[in-house]
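Notes for the one structure printed next.
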Amino acid sequence: MNSNRLTFIHAAGVLVDHQARDIAASGEEELRTALLDAAGSAWQQIIEACVVHDVDFLLLSGDTFCEADRSLRARAAIRTGFECLADAGIQVIAVPGCSDPTPAWQAISGLPENVTLFDPLVDEPTAIMKHGEVLASVQACLDASPETTSSDGWPGESAGQSRIGPFRVGIAPAFSADGLPPSQQHVEQWLSKSSIDYLALPRPFRRIQIVQPDRVAHCPGPAVALTGADFGPMGASLIQVEANNAVSIDLLPVSPVRRERLNIRVDHTSTGELLIGCMRQMMRDLKAIDSVQVLLLEWRIKGDGELYDSLHAPDAEAELFELLNVDTSVDQGRFASHQLTLLPLDELPETGTDDSESDEAVVSPILSGFLERLNREPSLVRSVLSRHSAVASEPATPWFQRLESLASRVDHSSVAEMARVRGTEWFGGESDQGYER
Amino acid sequence: MKLERIHVERFGAWQGLDLPVDPAGLSVFYGPNEAGKTTLMRFVRGVLYGFSPDDSGRPVTGDSSRPWGGSVQVQQGPDSLLLRRIGQENSRGLVTARPVDEGSTADDEYEAGALSAALVSNVSETVFDNIFTVGLHELQELATLEADEVAEHIYSLSLGLDGQQLLDQIGEVEAARDEILDPDADTGRLADTWQEVTAIDRQLEQYAGVRKRYEQLVVERGNWEDTIVELKERQYGLEQQFHGHEYMKLAHDPWCKVRDYERELEKLPSLPDFPAQGLSNLQQLQSELAAIRGRRKALRDEARQLKAHAEKIEFDPEFRRYAPALQAFVDQREWIAELIELADHADNQAEELRGQLNQRLMELGDEWSEERLQAVDISHTTGGCLTRRAGEYRSLDARSRNLKRKYRRLSVKFHRRQEQVLRLRQQVGETAIDDAIKQTREELSQLEDLSRLRIRETELTQRKIGLTRQLQRMKIDPTLPQWVYAVFSAMAITGIVIGLIGAVSGLTSNGVAGMAYALLGACCYGLTWALRKHFEGGFEQARRHLQSELDELEKRLEETHMSLAHVAPMISSLRVGEANQQSDPETPTEAPTQADSLIRQVAATRPASEQSEADLVRECLDRLRELEQMVAYEQWVEEKRPALIEMRHRLRDVQRDFGVARQSWCSHLVEQGLDETVDIDEAMTQRDVVGRSALLLQQIGGLEGDAQHARRIVGRFRKRIEEFGHRLQRWDDDYSAPLDILDEWEEELTRLAEARREQRRLRREARVRKRESSKYGARIRRLMAQQDAILVRGGAVSLDEFAERAKLLERRFELQEHLDRAKQELAAVASTDQAMAIVESDLVDYDAQQNEQCLMTIRQELDDVAVDIEDAFENLGRFRRETELLENDSTPARLRFDREQLLSQISGLAEEWFALDWSAHTLEDLRIDFEKNHQPPILSRANEYLQRLSGGRYHNIWTPLGQRSLCVDDIDGNTLMVGNLSSGTREQLFLAIRLALIEHFSNAGVELPVVLDDVLVNFDHERTVAAIEELLRQTRRNQQILFFTCHQHLAEMFRQRGVSTVTLPDRRAGDLLAG
């Protein structure tokens, strides 16, 4: 590694001009307008951050755009951003991902010369130059033995020794050898076996950082909170490598959208005022981020009691959020969209053995059987599909194919939870458990 | 009840038919087709339940004037009864009964409608018809098992609450699932959303061509940018060429001039010392001298005239003395005018604002005045403080109301339940609740005993009456008619006579014949004695038997009366107690339970006089339920009491806080000078009005102050003007209008200034003229000296000679000047393009016409290139605009946004669908399990019968949950619906179910004969044997069975198993043949 300090920004999953999903109030025009250009805005902020921090290069570790979108705006924004970085003398290492494969990158005409497209599956290790000096090297990090990975043109060293060559950046592929997304064990294996200083992880990793002696693996996570699973501050990472090899990683929040899932527990003693106060306090406790323009808050209220029951009324949700929005200081000037999810208590009444206990304590044998079967199922979705495939005719019906494709998009745990809640609703009431003929 | 004999007086094809029936076993009746087997079956049912109108339409025999009718002799316990029914119009016949004993006659018959119902144990006709009397038709039809009363035993009782809930939920889940998606019908919300996504995809697909177009545009844009660069380079080259030719054209003329001027200069003489401009100077000097001399004279005259004019101008000395001060006053005129205007304006504004203030004061009320307004503090600090107090006050108010509402709700519920408990406690008295429950249960038990004893008493009384009548009949009515005794006597006498004849003849003539006669006589007598002994002995034995049975009955009746006597007082006391307890209308009632239905059943079996015991049982059960509920309420009350107390304390605290806040709020209002009110909005509104009024008051004060100040200044100013007027000795002027005075003074000052200026000017002019005239003398002398010096330097003595030499010199200067100018021109041309170099030979060979032609050509080319560049820029601009339009088109992004939201919805719906589909299948599995574990006991019992009847082929009968259909599992694991079974198997299934039902009724105390009409005709040999064995097994369980058949082999099969077969008599002969 050079004695000079090295700075770069690492971003993954920017998905320029890709559109957000799981928006509860997508009909509101103000929210819609704010969300339409969320990913583009995040991309602009990344470019501006590169210039402001005077970084040496920008590393895009996959899914910079979504080729399936066929978005012209994305191409134009990417080209413009790269030209801006070219004017500032900043190099760009663009790694194709699942959404932006190599042909898609190659189809973008007029990319400036500061952009290096690095496909970890085919490209040889490459050097990042600045003013005729090698700043860093980029190499693929595949499922290879330590011997092969160390023969990258630089002498290999074991962990703990000081390096002689430039800072080495490894690129992890989006899929491991078994065709599945790489696990943390994969990453740790790559990190320990490869002679690299920094391993850039792509999506579908969330924001993660795995540190080993003298080396670190990092994924900045999605740059924009586009899906319902992207909670918390989102953005890119500013990587600063000191002369003594110390690597510091800081979050650069660039996402204009912030999603938060806020859990509240209510009981028989809870009141509407307490609930509103609690919600306001939770909103105030959210750390303010300048880049955030839209707050998408999912309130998950769990419990029982009068207040919980009253929230099931048709207009209760609207009234609750109307009351919450009376205090405009809580959203800190951002557009806030709220969504309410009501969850019953997990605890089921135990099977009554004492005759003196009330009827409410008796669990329906139907419910017991239902939950027993539910607990036995590893995946309800797979079970449904396998059952349908067993009785389906050949060729498969269009809906069966569609449902199979949907199986990869749905949250299997949510399906199980939904079935559990429904089952409890259906059979959680009165029972004639003692009924025997 | 068991049948002992069937006697048909007249019914259908039968008349005078008398059939004995084995009461303890199986009776097989054989007869050919149309022998009247089915008629007999209908007859038995008709006697028990009444003749149906259909029976009258059947073929009849015998005397049509005689009514329908007949009797059956039945055994009920130890007694035998003759139940007789005679057909009547518009009714089901008159039923009578009488005991079967020796003494009973037709006169002993009594109407026995209730008795006949008791004999069939209140089993309805439908049940009897479908279960106990079965023909081949009934056995082949499932519908005969689906009558409500029958099906109730087979199907509906299997559900229970959980089963019904499961069954209902399956339907609801499937409906909910199909509402989201029905894959087969391609309907549902998921399908609709999917179609919306498809529609958006189609719209997005249209943008695929746009992307190609965009790439083309980008390429085209690059091409045009390259074209522009090329054109600009070409334009630059042409411009360079054009510039060269232009340069040549410009440089050629100056170069020619320089060359000509240099040649002429070489020809002129050189005069280096000749004074430059000498000739003109001389001429100028001479003319100047003449002019100066005339001028000096004119100046002297002018100076004298001016001095005279200046002396004529005069001024007012006092006005001139105070002119600076007066000017100072005049300079302040605009300011004073503004002050006057300002004062007037302020007065107007103040007047207007005061009107508004008065209106606001009227709005605030009579107690509000300007002084009070001034006293109110309307600063932001107090405003913020008031708002904060209002917030606290409002918050506490809301909290107090909320808590009060909750407390009221809980309190009402608490007190309602407490009142219910207290009311029940009052009813119970001082007895402990557990004791009361125990006591009520004991009472219930006693009531049940009483009911049981009542039933027993009724039954024993009935039987006693029957036996008594039977015994009476036996006493009165001899068993055998008199002619029988006559026959017996004749036979005995004949036997004695023949025996005597035999003895005489044996002793006298022939011993053998005598012995034969004697033996014949002995036989006759013996037979007669035996017959008499037989009939009379049976009659006596029966009477003794009846007597002993009657004794036994009386003994049991006595015991029953004693038991009743023991129980009745307790029940009476209970009735009294119950009567004292008025049922509480507010006591919550619950849904009828199984106990209620039991009570109803018990009550239904009792005559009206015994309904009170049933009511008592119901009341006891109600009371028991109320007591148990009271225990639950008491527990609830005890659990909720601390919560209620705690809530009351909290409410009191909150109300106290609220009172403090209200007091603080009111005192704060008073402190701020506002009216005291508890209405926050009213207070805030008043404060707002007061604040605005106070501001108005402040504005009025400010305006009035400004006006006064301005007027003071104007007054002082007017006083000073008046003083100065008096100094100027102008006593008659009007100083109340200072501005008019100032205007007058300003005019006078202007006039004074103008006069003084004019005087000074005239004097100055005079002095100037004088000085100038004195200067002209010296100048004339100087000019003369200059003239002489010039002539000397030009080498001339006269002015003419000097003029000749001056012309030559002038020409030389002119040429030199032209030459310099030409050289400058040439240098200027050269300096325009320093990079341009020209060779002199080119200038020599320069052809202007040719050069002009070249310039024209290049200009033309340049114009063409400029047009091309303009076109190129236009095209570039067009492509840029188009690409920008495409880049900035947000429609695809909006479509993709909508698509993503729809996909989110689809994911949500898919999750719901997967959950519901899994739930639906799981509930279906649960339903199957439930079916297995909750089949009706009738079917479980029928399983065993079917297994035996089918030789083990079929082992399980079950009914799907909530349906009225039957399924059968065979040994191969196949499940078959009833419709899929062979006719023989189906008959075996229905026979098995009926046998199970009969067993069920038998276990419930219902003892009725079973009448089967050729039900085995479709069975194969093996299963027929199994069925006969099963029927025999039934008879061993003390079940009476009447089996009718028209098949000889069946009768034979029964006969082989020791069952006697009765061959039905020929209807015409009416005889009875026993097989």
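Scanning the range A:276-286 for residues that are open to solvent by less than 30 Å² (accessible area, probe 1.4 Å) and within 12 Å of chain B (Cβ to nearest Cβ) yields a single hit, A:Ile276.
Here is a yes/no grid of residues against (1) open to solvent by less than 80 Å² (accessible area, probe 1.4 Å); (2) of a type in the set (A, V, I, L, M); (3) under 30 Å from B:Ala308 (Cβ atoms):
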residue	(1), (2), (3)
B:Arg716	no, no, no
B:Glu722	yes, no, no
B:Gly725	yes, no, no
B:Asp732	no, no, no
B:Ala737	yes, yes, no
B:Arg751	no, no, yes
B:Ala755	yes, yes, yes
B:Leu762	yes, yes, yes
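Every residue in the range B:806-835 that is exposed (fewer than 11 other Cβ atoms within 10 Å of the Cβ), of a type outside the set (A, V, I, L, M, F, W, C) and not in a helix (DSSP H, G or I), please. The answer is B:Gln834, and nothing else.
Can you confirm whether the range B:496-504 contains a residue that is part of a helix (DSSP H, G or I) and at pLDDT below 80? Don't jump to the end; show me each part of the working.
Taking the range B:496-504 first, the residues part of a helix (DSSP H, G or I) are B:496-504.
Of the ones still in play, those that are also at pLDDT below 80 are none.
Taking every residue of the range B:496-504 in turn, none turns out to be part of a helix (DSSP H, G or I) and at pLDDT below 80.
How many residues does the range A:38-82 hold that are assigned to a helix (DSSP H, G or I) and either out of contact with any His (no Cβ under 7 Å at 6 or more places or on another chain) or of a type in the set (Ser, Thr, Tyr) (or both)?
Just the residues of the range A:38-82 that are assigned to a helix (DSSP H, G or I), to begin with: A:38-52, A:67-69, A:72-82.
Still in the list and also either out of contact with any His (no Cβ under 7 Å at 6 or more places or on another chain) or of a type in the set (Ser, Thr, Tyr) (or both): A:38, A:40-52, A:67-68, A:72-82.
Counting residues in the range A:38-82 that are assigned to a helix (DSSP H, G or I) and either out of contact with any His (no Cβ under 7 Å at 6 or more places or on another chain) or of a type in the set (Ser, Thr, Tyr) (or both) gives 27.
Across the range B:185-216, the number of residues qualifying as at the interface with chain A (Cβ under 8 Å from one of its Cβ atoms) and either touching a Lys or Arg at 6+ places or on another chain (Cβ under 6 Å) or more than 16 Å from B:Leu903 (Cβ to Cβ) (or both) comes to 7. Looking at the range B:3-29 only, could you name the residues that are touching a Ser or Thr at 6+ places or on another chain (Cβ under 7 Å) and open to solvent by 40 Å² or more (accessible area, probe 1.4 Å)? Of everything in the range B:3-29, those that are touching a Ser or Thr at 6+ places or on another chain (Cβ under 7 Å) and open to solvent by 40 Å² or more (accessible area, probe 1.4 Å) turn out to be B:His7, B:Gln15. For the residues B:Val1025, B:Val978, B:Val1017, B:Val1006, the requirement of being in contact with a helix residue (DSSP H, G or I) (Cβ under 6 Å, 6 or more places away or on another chain) and of a type in the set (A, V, I, L, M) singles out B:Val978. Counting residues in the range A:85-99 that are within 14 Å of another protein chain (Cβ to nearest Cβ) and either open to solvent by less than 20 Å² (accessible area, probe 1.4 Å) or within 17 Å of B:Arg213 (Cα to Cα) (or both) gives zero. Scanning the range B:388-401 for residues that are without any contact (Cβ under 8 Å) to a residue 40 or more places away in the chain and away from every other protein chain (no Cβ under 12 Å) yields one hit, B:Arg388. Of all residues in the range A:79-108, those that are among the aromatic types (Phe, Trp, Tyr) have Cβ atoms under 8 Å from Cβ atoms of residues that are open to solvent by 20 Å² or more (accessible area, probe 1.4 Å) and outside any loop (DSSP other than H, G, I, E, B), 6 or more apart or on another chain, in A:Phe82/A:Val115; A:Trp105/A:Leu117. Scanning the range B:154-192 for residues that are of a type in the set (Gly, Ala, Ser), in a helix (DSSP H, G or I) and at pLDDT below 90 yields B:Ser156, B:Ser158, B:Gly160, B:Gly163, B:Gly171. Any residue at all in the range B:911-921 that's within 12 Å of chain A (Cβ to nearest Cβ), more than 28 Å from B:Asp178 (Cα to Cα) and without any contact (Cβ under 8 Å) to a residue 60 or more places away in the chain? No, there is no match, as no residue in the range B:911-921 is within 12 Å of chain A (Cβ to nearest Cβ), more than 28 Å from B:Asp178 (Cα to Cα) and without any contact (Cβ under 8 Å) to a residue 60 or more places away in the chain.
From the residues in the range A:223-258 that are within 14 Å of another protein chain (Cβ to nearest Cβ) and open to solvent by less than 40 Å² (accessible area, probe 1.4 Å), which one is farthest from A:Asp56 (Cα to Cα)?
Within the range A:223-258, the subset within 14 Å of another protein chain (Cβ to nearest Cβ) is A:224-230, A:257.
Subset that is open to solvent by less than 40 Å² (accessible area, probe 1.4 Å): A:224-226, A:228, A:230, A:257.
On the way: A:Val224: 23, A:Ala225: 27, A:Leu226: 28, A:Gly228: 34, A:Asp230: 29, A:Val257: 28 Å.
Checking each candidate, the answer is A:Gly228.
For the range B:635-663, which residues satisfy the criterion of being more than 12 Å from B:Phe414 (Cβ to Cβ) and open to solvent by 40 Å² or more (accessible area, probe 1.4 Å)?
In the first step, residues of the range B:635-663 are kept if they are more than 12 Å from B:Phe414 (Cβ to Cβ); the result is B:635, B:646, B:649-663.
Residues satisfying the conditions are B:Gln635, B:Glu646, B:His649, B:Arg650, B:Arg652, B:Asp653, B:Gln655, B:Arg656, B:Asp657, B:Val660, B:Arg662, B:Gln663.
In the set (1) under 28 Å from B:Glu205 (Cβ atoms); (2) under 23 Å from the mean Cα position of the chain (by Cα); (3) open to solvent by less than 20 Å² (accessible area, probe 1.4 Å), the condition left unmet by A:Ser61 is number (1).
Filter the range A:404-422 down to residues that are buried (at least 16 other Cβ atoms within 10 Å of the Cβ) and more than 7 Å from chain B (Cβ to nearest Cβ) and give me whichever is modelled with the lowest pLDDT. By that ranking, first place goes to A:Val421. Across the range B:923-981, the qualifying residues are those that are more than 48 Å from the chain's Cα centre (by Cα) and hydroxyl-bearing (Ser, Thr, Tyr), and the one among them that is farthest from the other protein chains (Cβ to nearest Cβ) is B:Ser950.
Filter the range A:194-233 down to residues that are in a strand (DSSP E or B) and small (Gly, Ala, Ser), then give me how many there are.
Taking the range A:194-233 and keeping what is in a strand (DSSP E or B), we get A:198-200, A:208-212, A:215-219, A:222, A:231-232.
In the following step, the residues that additionally are small (Gly, Ala, Ser) were identified as A:200, A:217, A:232.
Selection size over the range A:194-233: 3.
Results for (1) part of a helix (DSSP H, G or I); (2) within 22 Å of A:Gly228 (Cα to Cα); (3) modelled with pLDDT under 85, shown as yes or no for each residue.
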site	(1), (2), (3)
A:Phe321	yes, yes, no
A:Thr328	no, no, yes
A:Ser337	no, yes, no
A:Leu340	no, yes, no
A:Leu348	no, no, yes
A:Leu367	yes, no, no
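Flag not set for A:Leu180, criterion: modelled with pLDDT of 85 or more, open to solvent by 10 Å² or more (accessible area, probe 1.4 Å) and at negative phi. In the set B:Glu1052, B:Glu1029, B:Glu1007, only one residue is within 60 Å of the chain's Cα centre (by Cα), closer than 19 Å to B:Ser27 by Cα and open to solvent by 20 Å² or more (accessible area, probe 1.4 Å); that residue is B:Glu1007. Among the conditions (1) more than 30 Å from B:Gln75 (Cβ to Cβ); (2) open to solvent by 60 Å² or more (accessible area, probe 1.4 Å), the only one that B:Ser411 does not satisfy is (2). Scan the range A:38-55 and give yes if some residue there is of a type in the set (Asp, Glu) and open to solvent by less than 30 Å² (accessible area, probe 1.4 Å), otherwise no. Scanning the range A:38-55, I find no residue that is of a type in the set (Asp, Glu) and open to solvent by less than 30 Å² (accessible area, probe 1.4 Å), so the answer is no.
Would it be correct to say that B:Ile838 is outside any helix (DSSP H, G or I) and either buried (at least 16 other Cβ atoms within 10 Å of the Cβ) or in contact with a strand residue (DSSP E or B) (Cβ under 6 Å, 6 or more places away or on another chain) (or both)?
yes
Does A:Asp69 satisfy the condition of being at pLDDT below 90, under 25 Å from A:Val410 (Cβ atoms) and buried (at least 17 other Cβ atoms within 10 Å of the Cβ)? For A:Asp69, the condition - at pLDDT below 90, under 25 Å from A:Val410 (Cβ atoms) and buried (at least 17 other Cβ atoms within 10 Å of the Cβ) - is met. B:Thr685 meets all of the listed conditions (1) free of Cβ contacts under 8 Å to residues at least 40 places away in the same chain; (2) polar (S, T, N, Q); (3) closer than 30 Å to B:Arg293 by Cα but one, namely (3).
The values are calculated or read from the model by the stated rules, or taken from the named source; none is laboratory data. Model, not experiment: these values are computed from the prediction. Quick reminder, even Gly has a Cβ in these numbers, built from the backbone with ideal geometry, and neighbours come from all protein chains shown. With ligands, DNA and RNA removed, areas are computed over all heavy atoms of the protein, side chains included. Shrake-Rupley method; radii C 1.70, N 1.55, O 1.52, S 1.80 Å.
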